[in-house]
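Taking it in order: structure first as structure tokens, then the write-up.
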Amino acid sequence: MNSQIPIDTRYANRPYYAPEGNASDEKITDPKQALRALRRRLALFLLVVISVFVTVALFTFQATPVYSTSASVIIDSRDKTVVDIGSVLSGLPPESTVVDTEVEIIRSRSLAEKVVRQLDLTSYPEFNPLLREASMSDQVKSQIKSWLGGGSSNVAEESEAASQKKEMELVVNSLLSQTSARRIGTTYGIEIFADSHDPELAAAIANQIVDQYFVEQLDAKFDATRRANSWLEERLAELREEVNQAENAVETYRASSGLISAGATTLNEQQMADLNAQLIVQRAELATAEARLVTVREMAQRGISAEVSGEALNSPVISELRRQQAEILRRRADLQNRYGPKHPDIQGINNEEANIRDQIQVELRRIVSNIEGDVAIARKRVQSLETNLNSMRNTLAQNNQAGVKMRELERNAEASRSIYEAFLARFKQTNESEGLAEPDARLLSSAPVPRTPSFPKTSLNLAVGLVFGLMLGVGAVVAAEALNSQISSGEEIEEHFRVPFLGN
């Protein structure tokens, strides 16, 4: 008798449904089925996770560590004036575009080349590719070039200077790839970054970039000042020659035109002033002499004795003669009183008295003649002075006409002298300002020696490797289940065919 298998009443009245879609998608999205799939594919999952984790770990521990550090500078917008001397190259204005421009200067090849020379980076294989061991691909490329005949001959013909230049370009390129600079937000600060396998070298590179940046600013100011001084010196030589020529032209024209100066006035003007003063004096003397002569003549016309004139009274000769005359008259009066008018001695006294009168008259005529001579001399002097003064006036008129040209030459000379003095003062200022130049930026912080590498990040890499391994492991399990078309359990039969599973 056939045994009967009990039918599960859960599926007795369930209709049959043909499978729709991919059953694997449903079993993967179902958490229970996913766990079953993970258990079935545990070996694959662990293999993928461990492979990815070990690969990342090997890369992390075998990678050459890179150390990063940074230094920062700030564009100083404050004016620093030690003395009131205008600089040739003014300071940087605190503008956004100026800060960006300074960032590009820090990134420039010229500044990088100076850093390479200062730190001798050409001797570091990290920066000089020529010092590194050639990789397999490089060796293959070199061998191909040698077979093609384009390598050895070019290297042999390459000059030492060209090779050094090429080496410097390679090192500069390496340095630029391992350094950077950026503006700190919207401030006037700039941060300089440097990477290297050697932490001390990284700090040295960043600090050296800052130093060379400051030197670059100072060199720019020094070069501008030196160029200005050179140009000013050449210009001063030209202006000095112009001033000498202008002043020589003034003196030559002054001598040829008779405009020789004596202080603030010319000699002709001074001579004319002296002649005017002398003419005034001589005219006064002439007037005085004429007045004396007129007085004497008027007294003579009126019958007044010339003896009472002022000229006679002032004459010592007449005074002596009149004293003698008075003595004779006294003696005659004494004889007349004593002996009477008939006394023989009185006649002799009368003769003496007549002789004295004659001498007085002779002296008076001589005085009048002297007065007339003085008048004539004074008149001649006045006439001579007037003639000289008229001649001097004519000469002065000619000099005034020549003075127009003279003043023009003097103005030209004064203009040349003013320009020369201005350039000379500026030349001295630029010489003084050369030693007062300061960079337009200042150091905020120097680059410290990094203690931990910036690459690789061991903990981060291992964590990322683990997460990535887990994700790939899950993906591998999902892919394996998606590609698997086999039915391996009663649950899968029921889910796939929608019929009850009868066997165990």
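Things to note:
- Residue in the range 448-459 that is at pLDDT below 80, over 60 Å from the mean Cα position of the chain (by Cα) and among the basic types (K, R) present: no
- The range 335-344, residues that are surrounded by 12 or more Cβ atoms within 10 Å (Cβ to Cβ) and either in a helix (DSSP H, G or I) or in contact (Cβ under 8 Å) with a residue 24 or more places away in the chain (or both): L335, Q336, Y339
- Yes/no for A228 being more than 11 Å from V115 (Cβ to Cβ) and either among the small types (G, A, S) or touching a Cys at 6+ places or on another chain (Cβ under 7 Å) (or both): yes
- Single residue of V467, V478 found to be under 30 Å from K32 (Cα atoms) and modelled with pLDDT of 85 or more: V467
- Single residue of the range 442-459 satisfying the filter (part of a loop (DSSP other than H, G, I, E, B) and β-branched (V, I, T)) that is farthest from L58 (Cα to Cα): V449
Residue-wise test of (1) closer than 15 Å to V103 by Cα; (2) assigned to a strand (DSSP E or B); (3) of a type in the set (D, E, K, R).
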site	(1), (2), (3)
S163	no, no, no
V171	no, no, no
E191	yes, yes, yes
A204	no, no, no
E216	yes, no, yes
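- The set of residues in the range 349-366 that are open to solvent by 20 Å² or more (accessible area, probe 1.4 Å) and aliphatic (A, V, I, L, M) comprises A354, V362.
- Criterion: assigned to a helix (DSSP H, G or I), among the small types (G, A, S), open to solvent by 40 Å² or more (accessible area, probe 1.4 Å) and farther than 30 Å from S177 by Cα - qualifying residue of A237, A228, A220: A237
- Positions within the range 105-129 being open to solvent by 10 Å² or more (accessible area, probe 1.4 Å) and not in a helix (DSSP H, G or I), in sequence order: R107, S108, D120, Y124, P125, E126
- Residues being hydroxyl-bearing (S, T, Y) and either open to solvent by less than 80 Å² (accessible area, probe 1.4 Å) or without any contact (Cβ under 8 Å) to a residue 12 or more places away in the chain (or both) - total across the range 45-63: 2
- Verdict on S152 being of a type in the set (G, A, S), surrounded by fewer than 14 Cβ atoms within 10 Å (Cβ to Cβ) and either at pLDDT 90 or above or touching a helix residue (DSSP H, G or I) at 6+ places or on another chain (Cβ under 9 Å) (or both): yes
- Residues of the range 401-444 that are modelled with pLDDT of 85 or more and in contact with a strand residue (DSSP E or B) (Cβ under 8 Å, 6 or more places away or on another chain): R442, L443, L444.
- Residues that are basic (K, R) and modelled with pLDDT of 75 or more were ranked within the range 366-400; the one that is farthest from L286 (Cα to Cα) is R366.
The values are calculated or read from the model by the stated rules, or taken from the named source; none is laboratory data. None of these values were measured; they are calculated from a predicted model. So basically every Cβ, Gly included, is an ideal-geometry build from the backbone, and we count neighbours across all protein chains shown. Ligands, DNA and RNA are stripped out before the accessible areas are found, and what is left, the full protein with its side chains, is counted by its heavy atoms. Shrake-Rupley method; radii C 1.70, N 1.55, O 1.52, S 1.80 Å.
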